[in-house]
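Note sheet for the following structure.
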Protein chains: 2
Amino acid sequence: MSLVSIMEKSTCSCENCQLRSLFFSHVSMDELNNICDIKIEKQYSKGESITNEGERIHEFLYMKEGLVKLSKTDIDGKDQILSFSKPFDFVSLLSVFSSDKYKYSVTAIEDTTVCILDLEVVKKFAQQNAMFTMDLMSSISEATDKILLDNLAIKRKHLKGRIAHVLLYFSDYIYKKDEFELPISRREIAEYIGMTTENVIRTLSEFRKDNIIKIFGKDILIADKKRLRSISEFG
Amino acid sequence: MSLVSIMEKSTCSCENCQLRSLFFSHVSMDELNNICDIKIEKQYSKGESITNEGERIHEFLYMKEGLVKLSKTDIDGKDQILSFSKPFDFVSLLSVFSSDKYKYSVTAIEDTTVCILDLEVVKKFAQQNAMFTMDLMSSISEATDKILLDNLAIKRKHLKGRIAHVLLYFSDYIYKKDEFELPISRREIAEYIGMTTENVIRTLSEFRKDNIIKIFGKDILIADKKRLRSISEFG
DNA sequence: CGCGGCTTTGATGTTCATCAAGTAAAGTGG
DNA sequence: CCACTTTACTTGATGAACATCAAAGCCGCG
């Protein structure tokens, strides 16, 4: 939070970047080097804001490492969390080709590295390289589809099912472990699932009493995943 | 519902089609004629299914006229409605470039005309025409963004606000009239806003008793739009 | 005509938000 | 570094919002 972000021109290492397959798979090495030259890598510490709802979009950016949340603030100042994203579920592109302003805020919930390209340059490039544009489109389409599906899944569940869903999301999808540190507060869980903070806490406590999970502050251990799954699917 | 769908090779009239601007604005007249030649127009009567969740995607399709719903059936057989779409908010493309199977079902809720192109042909075309692909991407991005925003808006409202939201949606956005025939059943409203059919009906009755709307079966007249707006925004 | 689906209303109970109050943890300024 | 302030977390009590169950009327359709 208090750490100063570090911005630096990266040494060009794009050709080995895992993200190449994301939408640079049909970009030649020459072209990639051109892109690489103008690329900036930027670090954000946990809690830092990456883009803000309403701000003008000047840059094309995608996550190299870390974890972020997508959120939107309503008139009363209350936040709603739309989704969480890790690299490959990149996300800051959401409005890039349909709006000139960000429709959502993106905030790091773990230390995050982002690659930044000038939007105009990328657009110009996209106009000349249809394969790149198609790969881009696939990625955007896949990412938003994931968000839509997730929101639908949450919508049809009750409080307990939603909490179970969130725990399984972080356990199965993000950390791939049964023990992990929750990267978000109880309030943020509430903002994500559309319930109150108090009820999020109550439900977590209930799961603890039923020996489904163990809680040490932000550290969560899933003790009975089978049961958690059945709660998530609702029964 | 019981009407037989009519499928016919259209006479080529694409050059005057209102939808040209959608993603054919950067397509030359020659290319457009090529597309036009392989295009099929298909009519669906109210209630007919256009695409089915889980089915393989063979075609690229977009709405020329009408109104459809996007929905998904969960394990218990319960439907959830994701959104409604009219031409320009086209929608069947949602999964087209990120999956080989439809993730949602599309059903006509008014008589609907759809233009159908072979997906492989469109993909090949997209690979050669980056501007077309970019226009396509903008359209997809805009359409899904609209769905996400709408779902977020509904999520933060209570029953009454959600019903008001739906009524205003059809009045302001779809029909641009204060009196209209609801194209969907009470149950479908419930499936859309994530509440029960009974409570949808109760709330509509309440609005009627408070002289906010008049109801004649499926015909709705909005008598006090100001009040409805304030309910939608919640107060 | 009768069946199934849609609509409507009422009664009842569950789920959840709200209010309140207190503890713990974490950031802030002198 | 300590007092101070704020933010996060937790639990309980209460009432409001909503789902569920039940029953009946309506309409279109085979």
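Every read-out reported here was derived from the displayed coordinates using simple, explicitly stated rules and does not represent laboratory data. Here the structure is a predicted model, which is why all the values come from computation and not from measurement. Note that each Cβ is placed from the backbone with ideal geometry, even for glycine, and that neighbours are counted across all protein chains shown.
Before moving on, here are some points about what is shown:
- 0 to 90° range, to nearest 10: angle between helix B:159-168 axis and chain B longest Cα axis: 50 degrees
- Per-residue Cβ neighbour rank within 10 angstrom, fewest leading, A:H26, B:H58: B:H58, A:H26
- For chain A, a simple Cβ point-charge model (Lys and Arg +1, Asp and Glu -1, everything else neutral) yields a dipole of about 1060 debye relative to the Cα centre.
- Per residue convex hull volume, Cα atoms of the stretch A:10-140, in Å³: 97 Å³
- Amide hydrogen proximity for A:L67: with H placed 1.01 Å from N in the peptide plane, the residues at 5 or more positions away or on another chain lying under 5 Å are A:I109, A:E110.
- Other residues within the sphere of radius under 13 Å centred on the Cβ of A:N211, judged by their own Cβ, net out at +3 (K and R +1, D and E -1).
- Each Lys or Arg adds one and each Asp or Glu takes one away; over the other residues whose Cβ falls under 11 Å from the Cβ of A:L22, this sums to -1.
- Zero-based 10 Å bins, Cα pair distances in chain A, whole percents: 7, 29, 32, 20, 10, 1
- Between B:I201 and A:K78, the simple spin-label model (points 7 angstrom out along Cα→Cβ) gives 2.9 nm.
- With label points set 7 Å from Cα along Cα→Cβ, the inter-copy distances at B:D224 are 5.1 nm, sorted shortest first.
- Integer Hz, Karplus 6.51/-1.76/1.60 couplings in order for the stretch A:192-197, x for Gly and Pro: 6, 8, x, 10, 8, 4
- Electrostatic bookkeeping for A:M131 treats Lys and Arg as +1 and Asp and Glu as -1; over the other residues with beta carbon under 14 Å from its beta carbon, the sum is +1.
- Theoretical ellipticity at 222 nm over chain B - DSSP helices of four or more residues, -39500 (n - 2.57) apiece, nearest 500: -11500 deg cm²/dmol
- Anisotropy class of the stretch A:95-235 from Cα gyration tensor, a/c 1.5 cut: prolate
- Segment B:K124-B:S25, length gained on full extension (0.36 nm per residue, minus Cα span): 33.9 nm
- Distance violations [Cα-Cα > 25 Å] among A:K103/B:K177; A:K64/B:K101; B:K78/B:K103: A:K103/B:K177; A:K64/B:K101
- GNM flexibility winner over chain A from A:S139, A:S205, A:S83 (Cα, springs under 10 Å): A:S205
- Point-charge dipole on Cβ atoms (K/R +1, D/E -1) for the stretch A:73-201, about Cα centre, debye to 20: 400 debye
- The string of couplings for the stretch A:130-139 from the Karplus curve (6.51, -1.76, 1.60, θ = phi - 60°) is 5, 5, 4, 4, 5, 4, 4, 4, 4, 5 Hz, one whole number per residue in order, with x for Gly and Pro.
- Shown in residue order for the stretch A:45-53 are the 3J(HN,Hα) couplings computed by the Karplus curve 6.51 cos²θ - 1.76 cosθ + 1.60 at θ = phi - 60°: 7, 3, x, 6, 7, 9, 9, 10, 2 Hz (x for Gly and Pro).
- Here's how it looks for B:I57: its modeled amide H is under 5 Å from those of B:K101, B:Y102, which are all 5 or more places away or on a different chain.
- Set of aspartates and glutamates with alpha-carbon distance to B:K72 below 15 Å, sequence-local pairs under 8 removed: A:D145, A:D150, B:E53, B:E55, B:E188, B:E191
- Nearest-ten-degree value, helix A:29-38 long axis tilted from longest Cα axis of chain A: 80 degrees
- Over all pairs of different C-alpha atoms, the stretch A:157-233 has a mean inverse distance whose reciprocal, the Kirkwood radius, equals 12.1 Å.
- Label-point separation, B:D111 to A:E181 (7 Å along Cα→Cβ), nm: 6.4 nm
- Distances between equivalent label points of A:E179 across the copies, with each point positioned 7 Å along Cα→Cβ, amount to 7.0 nm, shortest listed first.
- Taking chain B and dividing mean pair separation by its residue count, relative contact order in percent (alpha carbons under 8 Å, at least six apart): 19 percent
- Signed unit charges on C-beta, dipole axis of the protein assembly as shown, positive-most listed residue A:I35, B:Y62, B:N199: B:N199
- Rounded to the nearest 10 degrees, the inclination of helix B:119-128 to the longest alpha-carbon principal axis of chain B is 70 degrees.
- Given charges at beta-carbon only (K, R positive; D, E negative), |dipole| of the stretch B:157-233 in Debye: 180 debye
- Unit Cα scatterers, Debye sum, the protein assembly as shown: log10 I(q)/I(0) for q = 0.06, 0.07 Å⁻¹: -0.30, -0.41
- Sorted shortest first, the distances from the B:K209 label point to those of the same residue in the other copies are 3.7 nm; each point sits 7 Å from Cα along Cα-to-Cβ.
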